[in-house]
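None of the figures in this text is laboratory data; all of them are computed from the coordinates on show. Quantities reported herein were computed from a predicted structural model and do not represent experimental measurements. All Cβ positions, even for glycine, are placed from backbone atoms using ideal geometry, and neighbour counts span all protein chains on display.
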Amino acid sequence: MDKDSSQTSPAVRAAAFSVHVFTALGAGIALIAMLEAVREHWAAMFAWLGVALVIDAIDGPVARRLDVTRVQPNWSGEVLDLVVDFVTYVFVPAYAITASGLLLPLAAPLLGIGIAVSGALYFADRRMKTADNHFRGFPGLWNLAAFYLFLLHPAPALSTLATVVLIVLTFVPFHFVHPVRVIRLRRLTLTLVALWAALATYAVARDFDVGLPTTTALCAIALYVVGSDAAIRLLRSLKA
């Protein structure tokens, strides 16, 4: 039988709590990213959001390994993760998309509010994950949406339309692949995600001044992540 948390050694409890501190560090990183965004240092903002993304990728496996839920039952890692994810995935990118001049001026404030509100509702939705570990709807990845808007720099009308579409897709129950937890094609997905991370780092380091091959590769990987599950389900339905 598992030990009660009160019987766990202070060192083990401290190690478990340090994981929560590590997760919460993402909120501090978000503040630094926001300060860079206010100064219109967009590449620096994305660099700090990238650091927050790394923290988000690491803390979960470490928490499970240290059995943090049992050892520190008074602290909800799930709630903490959602709080940090909201500021790093939604709030800071919402400001960047709104304040950068990428959108039509009259629409920008309203769409910024739309991003923040839809993102908050998404993170509160208990149905955000499906039984097979897909995200349900557009999973509030506004940091990535902002990244592609800065990379591609489409006309303001097109950026505005794309933002509206993503806000609507937050509430549409299509399946969006989780790159780590979805078993199907996981090796391929993780390989492409690693390649994406390298290319995205290069693009940010170059302040998005990259050539067509890098841009094409980044867009192709995004299309795979967004469309792979839908394509597989369509093929299965045609064979049925």
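Annotations for the structure displayed:
- In region 117-202, trypsin sites (Lys or Arg not before Pro) in a DSSP loop with at most 15 other beta-carbon atoms within 10 Å: R126, R127, R181, R184
- Calculated P(r) of region 1-94 - Cα pairs past 23 Å, %: 33
- Folded to 0 to 90 degrees: helix 42-65 orientation relative to the chain principal axis, Cα: 30
- Considering only alpha-carbon pairs that sit under 8 angstrom and 6 or more positions apart, the relative contact order computed for the chain is 18 percent.
- Binned Cα-Cα distance frequencies in region 40-125 - 10 Å width, integer %: 15, 37, 31, 13, 4, 0
- Net charge over other residues, Cβ less than 14 angstrom from the Cβ of L49 (K, R count +1; D, E count -1): -3
- The Cα center of region 1-78 and the Cα center of region 119-192 differ in position by 22 Å.
- Full extension of the chain segment joining I58 with T214 gains 53.5 nm, where the gain is 0.36 nm per residue of separation less the Cα-Cα distance.
- Normalised by the number of residues in region 21-83, the mean separation of alpha-carbon contacts (under 8 Å, six or more apart) gives a relative contact order of 35 percent.
- Between the Cα long axis of helix 10-38 and the first principal axis of the chain there is an angle of about 20°, rounded to the nearest 10.
- Rounded, prolate or oblate (a/c below 1.5 giving rounded, otherwise prolate when a/b exceeds b/c) for region 109-216 by Cα gyration tensor: oblate
- Degrees, to the nearest 10: 108-124 long Cα axis against longest axis of the chain: 30
- Pair-distance distribution P(r) for the chain, from all Cα-Cα distances in 5 Å bins starting at 0: 1, 6, 12, 15, 18, 17, 12, 8, 5, 3, 1, 0, 0 percent.
- All other residues whose Cβ lies under 15 angstrom from that of V92 are scored, Lys and Arg at +1 and Asp and Glu at -1, for a net of -3.
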